[in-house]
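Bear in mind that the values in this text are calculations on the coordinates, not laboratory data. Quick caveat, the model's predicted, so the values are computed rather than measured. All Cβ positions, even for glycine, are placed from backbone atoms using ideal geometry, and neighbour counts span all protein chains on display.
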Amino acid sequence: MDLFFLWFQRVLCGCFAFGAMVHLGNLLGQGKYRLTEMPWHLLIADLFYLGMNLATIIGLLQDQLWGRLCLLLMLGSQLVLYLGFPRKFAETEEERKEIRGLVCFHLWTLVLFGLLWWLASGSRAQ
């Protein structure tokens, strides 16, 4: 189970590398807004989640507890933002569909990650 959990963390690193590239692209003006026109809440979110994606990747690749905690903080905080303030992050119906997809990804990732972490920690105790 430990090997599978380690493999799952590596797969997540690929997902979060893509997320980091999206946030970096937004900050470089390749998203919906130019940097100078970007609403402040989107600018702060892109800066924060670029850093969180990178920290999570490094921590998971090193199989560190702090990397797992970064993952939980990143996914949990994005769920709060997307579920609590959806209109701040999605103005059109197409963007709302994307947000719903991200919410599903985050929820499933949290469930699978939590389950695999629990199973891996149980196999270490034996």
If each residue of separation counts as 0.36 nm, what is the full-extension length gain between residue 118 and residue 79 once their alpha-carbon separation is subtracted? 11.9 nm
Distance between modelled label sites at residue 98 and residue 18, nm, 7 Å Cα→Cβ extension: 1.4
Starting from the 7 Å offset along Cα-to-Cβ, what nm value, one decimal, do you get for the label separation of residue 43 and residue 2? 4.7
Kirkwood hydrodynamic radius (C-alpha pairs) into Stokes-Einstein, the range 1-78, 37 °C and 0.692 mPa s, D in µm²/s: 252
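Using r as the Cβ-Cβ distance of residue 69 and residue 34, and R0 as 30 Å, what FRET efficiency do you calculate, to the nearest 0.05? Don't jump to the answer; show the numbers that get you there.
On the way: r = 34 Å, r/R0 = 1.14.
My answer for the efficiency is 0.30.
Can you order the peptides 68-79, 46-57 by their average number of other Cβ atoms within 10 Å per residue, highest first? Write out the running numbers ahead of the final one.
Values: 68-79: 17.5, 46-57: 19.6.
Descending mean neighbour count gives 46-57, 68-79.
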